[in-house]
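The values are calculated or read from the model by the stated rules, or taken from the named source; none is laboratory data. Keep in mind that what you see is a predicted model, and the values were worked out from it rather than measured. Cβ coordinates were reconstructed from backbone atoms using ideal geometry, including for glycine residues, and neighbour counts include every protein chain displayed. Surface accessibility is based on the protein's heavy atoms, side chains included, excluding ligands, DNA and RNA. Shrake-Rupley method; radii C 1.70, N 1.55, O 1.52, S 1.80 Å.
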Amino acid sequence: MKKDKKNLILIAVIGAAVIFSFCLYVMSSFMQDQIHITIGSGIISVISTILLIIFLKNNFLEIKKGLVIKDERTNKIMMIAFAKAYLLSIWFILLLSFFSESIPFRDVSQALNYAILGMVVLFGLCWLWYNRKEDLDKVMI
Amino acid sequence: MMKTRIKELRARYNLTQEELAEKAGVRRETISFLEQGKYNPSLKLAHNVAKILKTTVDELFIFDDEK
């Protein structure tokens, strides 16, 4: 139980740091008059903050009730989601490099940031998909 | 297709999903998925739940033969 609480605090700190850096990115894009990037990043920041708050609130309540936040089912979902997201990320990065000529990346680090963001989003989507799936045993990795 | 008698036995012993989850050391959602036959548990979890509900694994989980 204590380990669960520590893990949750760690997730809260990392999540807050990621969202804070995203906010800095929004501000720097705004200062450079990159309106589309500002709006896009702003929306992602708001959605991420809301999702993080909901996630933390639900899990803290579970811990308060004396329940665990990780069990064999969540571990299975995480494993499947990681594996699927990894495979999808390869395709995503291939597509990103294929269209790199037509996407106006500022520099290599921005392209890398998009690739990492894409991987995170893919993992989130995979997790949401498999969290609702009934027959986890029939999933082929 | 898997069916379970968890809901029936849980009601018999006046346990909520949360209470059963706490005793079995799993999340409430896992108990909910188990009750609906939407999750195949490990043998250890099946044994634990059966023990809490004072029954056996083969009485708790019923498998319909797939045709």
Determine if segment A:123-140 includes at least one residue that is within 14 Å of chain B (Cβ to nearest Cβ) and either touching a strand residue (DSSP E or B) at 6+ places or on another chain (Cβ under 9 Å) or in contact (Cβ under 8 Å) with a residue 60 or more places away in the chain (or both). yes
Going through segment A:107-136 in order, the residues found to be over 30 Å from A:Ser28 (Cα atoms) and open to solvent by 50 Å² or more (accessible area, probe 1.4 Å) are A:Trp127, A:Leu128, A:Trp129, A:Arg132, A:Lys133, A:Glu134, A:Asp135
Can you say whether B:Thr4 is in contact with a Leu (Cβ under 8 Å, 6 or more places away or on another chain) and within 14 Å of another protein chain (Cβ to nearest Cβ), as far as the supplied structure shows? yes
Residues of segment A:39-67 being in contact (Cβ under 8 Å) with a residue 24 or more places away in the chain and touching a helix residue (DSSP H, G or I) at 6+ places or on another chain (Cβ under 6 Å), in sequence order, are A:Ser45, A:Ser48, A:Thr49, A:Leu52, A:Leu56, A:Asn59, A:Ile63, A:Gly66
Among helices (runs of 4 or more DSSP H) entirely inside chain B, those with 2 or more residues being touching a residue at least 40 places away in the same chain (Cβ under 8 Å) are B:6-12, B:57-60
Scanning segment A:62-106 for residues that are outside any helix (DSSP H, G or I) and open to solvent by 70 Å² or more (accessible area, probe 1.4 Å), the one nearest to the other protein chains (Cβ to nearest Cβ) turns out to be A:Lys65
Within segment B:27-46, the residues that are open to solvent by less than 20 Å² (accessible area, probe 1.4 Å) and touching a Lys or Arg at 6+ places or on another chain (Cβ under 7 Å) are B:Thr30, B:Gly37, B:Tyr39
Practice item. Examine segment A:52-59 for a residue that is among the charged types (D, E, K, R), open to solvent by 90 Å² or more (accessible area, probe 1.4 Å) and farther than 24 Å from B:Leu34 by Cβ, and state whether such a residue exists. Key: yes
